[in-house]
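First, the structure itself, so that you have it in front of you.
The numbers here are math on the coordinates, done by the rules we state, and not lab data. Since we're looking at a predicted model, the values are computed, not measured. Counting neighbours? That spans all protein chains shown, and the Cβs are built from the backbone with ideal geometry, glycine included.
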Amino acid sequence: MKLATFLTTCAVAAALPGGGARAAPGDEVEVTAGVVTGLSCAMTAREKGNLAVLNACPPAEAGKGMVVFDVAEKRIYRLSPKKVFLYQLESAYGGGSIDFTGKEVKVDPRTDVALVDVEEFSVSPKPKAGAFKGCL
């Protein structure tokens with residue numbers, strides 16, 4: 001690779017939200033332990049690097065649309081409702097996770113959020129709150 005091409009590629013990647021490579025329709029996607037959260041919380045985590053907002057996202061944000069944040073790649077994905085249903089995402093919202101593979105269908109150029117047609121997935125629901133088992 002020529003130096004000029006390499007530097008241009010690095011400059012473009014650094015200018016993108018999260019510093020990663022821009023998504024392209026048709027790309028294969030594989031996410032392990034993606035965090036299910038609201039879009040505004042995912043955008044904040046990607047821009048500011050504050051991952052604590054992902055699990056602390058208010059439930060009202062879920063009503064505006066849920067997304068999956070890939071912590072390793074700092075990428076945000078919307079999942080097509082063809083295979084993953086809303087109730088499955090809700091079970092992981094605020095503390096659970098999802099593993100999935102699929103293909104990017106389209107990418108919002110303003111936010112760099114990709115819509116993914118999921119082929120296979122596994123949801124780990126948010127842990128239930130523990131009951132007090134002590135004796136007073």
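Work out, step by step, the length gained on full extension between residue 129 and residue 117: first 0.36 nm times the residue separation, then minus their alpha carbon distance; give nm to one decimal. The partial results should precede the final answer.
Working: separation 12, 0.36 × 12 = 4.32 nm, distance 3.22 nm.
Contour length minus the Cα-Cα distance gives 1.1 nm.
Could you pull out the chymotrypsin sites (Phe, Trp or Tyr not before Pro) across the stretch 34-115 that fall in loop regions by DSSP (anything but H, G, I, E, B) with no more than 15 other Cβ atoms inside 10 Å? It would help to have the intermediate numbers written out before the result.
Working: sites: 69, 77, 85, 87, 93, 100; in loops: 85, 93.
In loop regions of the stretch 34-115 (DSSP not H, G, I, E or B), the sparsely surrounded chymotrypsin sites (Phe, Trp or Tyr not before Pro) are 85.
How charged is the neighbourhood of residue 51? Take every other residue with its Cβ under 14 Å from the Cβ of residue 51, and add Lys/Arg as +1 and Asp/Glu as -1.
Details: positive: 46, 48, 74, 75; negative: 47, 70, 73.
Overall, the nearby charge balance is +1.
So how do 101, 37 line up by other beta-carbon neighbours within 10 Å, fewest first?
Working: 101 14, 37 28.
Ranking 101, 37 by Cβ neighbours within 10 Å, fewest first, gives 101, 37.
For a 27 Å ceiling on Cα separation, which of these pairs sit above it: 106/128; 74/103; 48/128; 106/126; 103/128; 48/82? Intermediate values should be presented prior to the final figure.
Numbers: 106/128 35 Å; 74/103 17 Å; 48/128 29 Å; 106/126 29 Å; 103/128 32 Å; 48/82 32 Å.
In this structure, 106/128; 48/128; 106/126; 103/128; 48/82 lie more than 27 Å apart at Cα.
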